[in-house]
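Nothing in this text is a laboratory measurement; each read-out follows from the coordinates by a stated rule. These figures come from a predicted structure and were not determined experimentally. We place every Cβ from the backbone using ideal geometry, glycine too, and count neighbours over all the protein chains shown.
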Amino acid sequence: MRLIEMEITRQDWKSMLCGCGGSAEHLARDLLQLAGKGPLQRPSHVSLEEHVWSPVILWEPAPAVTSVALAALADDVAPTAREWFLDLLQCVVAGEGTDWESAGRGLDLPELCRGLAVQGLWLLYEEVMSNRSPGAAGTAFEILGVVEPDRARLQRVREIAADWLPVCCRTGLCDDNLRVDR
Ligand SMILES: [Zn+2]
Ligand SMILES: [Zn+2]
C-alpha cells in the first residue's frame, strides 16, 4: 500500500456529509480513481465540485481531501494525477465559506484546509522548484500564495523560479486574486 492509499483508507468518509447530500463514502473511490489506483488502474478524472468544494463554500470532507491531496504529492503518482491533486488543493485552500452543518459545529473549513496545506509547505516548494510541468509549478506557487505566512520566502522563490513560472505568478498578478485577508 502506498501513501495515498494509506491516507484515503485512514479517513472516516462514511460518517461525513458530502456536498451532494449523501455520505462521503464515494469520495474514497473517486480519489483512488484520480490517483490511478481504482479498478481502471490509470488516472481518470472525476470532478469533486459540489461534493467537496464550490466557488463559495466547502463541505465537511474538505479537510480530509486536503490531507489526501498532500499525500498524493508526497507519493509517486502519474503527472496528470499530480496536476489534478494540485488543482483540487487549490480549490480547497481558496474556499471562502463553510457548509451550514459544519459551521453549526463551530468548524471553519477553509481555515482548517489552509492550516493543513501549510504543513505541506515544502512539498509545494519542491513542486515549484522541480519544474516538472509549468502548469503544476504555477498551481503550487499560487497555493503557496494563499497559505505561506512568510511572504519574503515566497518572494525569493518567485525570483529564483522566474524563468519557468507562468507570467501571472512571476509578476504577482495572481496574488491579489488569491490572497486571503486574515
Ligand atoms: Zn458527494
Ligand atoms: Zn499565477
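At-a-glance table
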item: Length-normalised contact order for the chain - Cα pairs under 8 Å, 6+ apart - percent; result: 16
item: Positive-end extreme of charge dipole, the chain - chosen from 146, 62, 169 (charges on Cβ); result: 169
item: J(HN,Hα) series, the range 93-107, from Karplus relation 6.51 cos²θ - 1.76 cosθ + 1.60, nearest Hz, glycine and proline x; result: 6, 8, x, 10, x, 10, 4, 4, 5, 5, 4, x, 8, x, 8
item: The range 47-64 - phi-based ³J(HN,Hα) in whole Hz, Karplus 6.51/-1.76/1.60, Gly and Pro as x; result: 7, 9, 5, 6, 10, 10, 9, 8, x, 10, 9, 10, 10, 3, x, 4, x, 4
item: Charge context of residue 3, other residues only, Cβ under 10 angstrom, K/R +1, D/E -1; result: -3
item: Exposure proxy order (Cβ contacts within 10 Å, fewest to most) of 1, 16, 6; result: 1, 6, 16
item: Theoretical FRET efficiency, 1/(1+(r/R0)^6), r = Cβ-Cβ of residue 40 and residue 1, R0 25 Å, to 0.05; result: 0.85
item: Neighbour-count order for 45, 26, fewest beta carbons within 10 angstrom listed first; result: 45, 26
item: Residue-span extension gain [residue 152 to residue 49] - 0.36 nm each, minus C-alpha spacing; result: 33.8 nm
item: Nonlocal amide H pairs with residue 98, under 5 Å, H built at 1.01 Å; result: 58
item: Nearest-20 debye value, the range 1-116 charge dipole, Cβ charges on Lys, Arg, Asp, Glu; result: 380
